[in-house]
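Okay, so here's the structure we're looking at.
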Ligand SMILES: Nc1ncnc2c1ncn2[C@@H]1O[C@H](COP(=O)(O)OP(=O)(O)OP(=O)(O)O)[C@@H](O)[C@H]1O
């Protein structure tokens, strides 16, 4: 296998109390589409923050594109969890997407023509170009998610990391967003946290079930036993047709 684009070796983490992640080993290959699922408080968001270099593990090693994550951040697009995002901010869709260029552009807010072109391209790919002049607070939940994906795409990332990108939106929009991600996966690695293992199994190559430690399954091997072992309860598998 080529060098993994993301590698965690024996990583443990706590916020000062009990371990949230314990001895995590995980390697993600280039162009993989991996889903991270698991019970609430299982450590999914914490794992993403370690990959982004927003948290540093006291034990173990995290590498992204062969380097410490903070040195690879410009090549990572990140879509945060929906409820954490404040919409009551006077900003247009285009200005929001341009923020994805901050790591690559010159001085703060001093965007060049190529930044504007990259933002327009990202809006076109996520089908929000017609909303460019709209205020963010006027968008529907599904439109907002597309804009957040466009912002993450604007830096032309090699890795796209999404934390529950389809929480609070209906299944038709969820399907549209995952169809888009599948297309982007042809040119980048995708890591997505989702509460819905049944749904993402139709898109991802591999599922990492995380409950302090990840257990990985290829999509084909996801069955009731695997889910039961993870959640320690019966979880209804919902079949979704695309
Ligand atoms: N900043 C923080 N300070 C202290 N504890 C935290 C902090 N962030 C998360 N935790 C705790 O760490 C544990 C793992 O949280 P994390 O958000 O990583 O889980 P998760 O799997 O993403 O959960 P969910 O599915 O509910 O979003 C939880 O017990 C949470 O309360």
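Structure above, values below:
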quantity: Criterion (under 14 Å from the mean Cα position of the chain (by Cα), touching a residue at least 24 places away in the same chain (Cβ under 8 Å) and closer than 30 Å to residue 213 by Cβ) met by exactly one of 57, 80; calculated: 80
quantity: Residue list for segment 189-198, filter: surrounded by 20 or more Cβ atoms within 10 Å (Cβ to Cβ) and either in a helix (DSSP H, G or I) or out of contact with any helix residue (DSSP H, G or I) (no Cβ under 9 Å at 6 or more places or on another chain) (or both); calculated: 189, 197
quantity: Failed condition for residue 7, given (1) in a strand (DSSP E or B); (2) closer than 21 Å to residue 195 by Cα; (3) out of contact with any helix residue (DSSP H, G or I) (no Cβ under 9 Å at 6 or more places or on another chain); calculated: (2)
quantity: Test for residue 38: is it surrounded by 15 or more Cβ atoms within 10 Å (Cβ to Cβ) and free of Cβ contacts under 8 Å to residues at least 24 places away in the same chain; calculated: no
quantity: Of all residues in segment 22-53 being in a loop (DSSP other than H, G, I, E, B) and within 13 Å of the ligand (Cβ to nearest atom), the one that is nearest to residue 182 (Cα to Cα); calculated: 38
quantity: Boolean, residue 56 is assigned to a loop (DSSP other than H, G, I, E, B) and either closer than 19 Å to residue 4 by Cβ or within 16 Å of the ligand (Cβ to nearest atom) (or both); calculated: yes
quantity: Of all residues making up segment 202-215, the number that are surrounded by fewer than 23 Cβ atoms within 10 Å (Cβ to Cβ) and either assigned to a helix (DSSP H, G or I) or away from the ligand (no atom under 16 Å from the Cβ) (or both); calculated: 4
quantity: Selection count where residues are assigned to a loop (DSSP other than H, G, I, E, B) and touching a helix residue (DSSP H, G or I) at 6+ places or on another chain (Cβ under 6 Å), scope segment 59-68; calculated: 1
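Taken together, the values in this text are just the output of simple stated rules run on the coordinates, not laboratory data. For clarity, every value in this text was computed on a predicted model and none was experimentally measured. Here the Cβ is made from the backbone with ideal geometry for all residues, glycine too, and neighbour counts use every protein chain on show.
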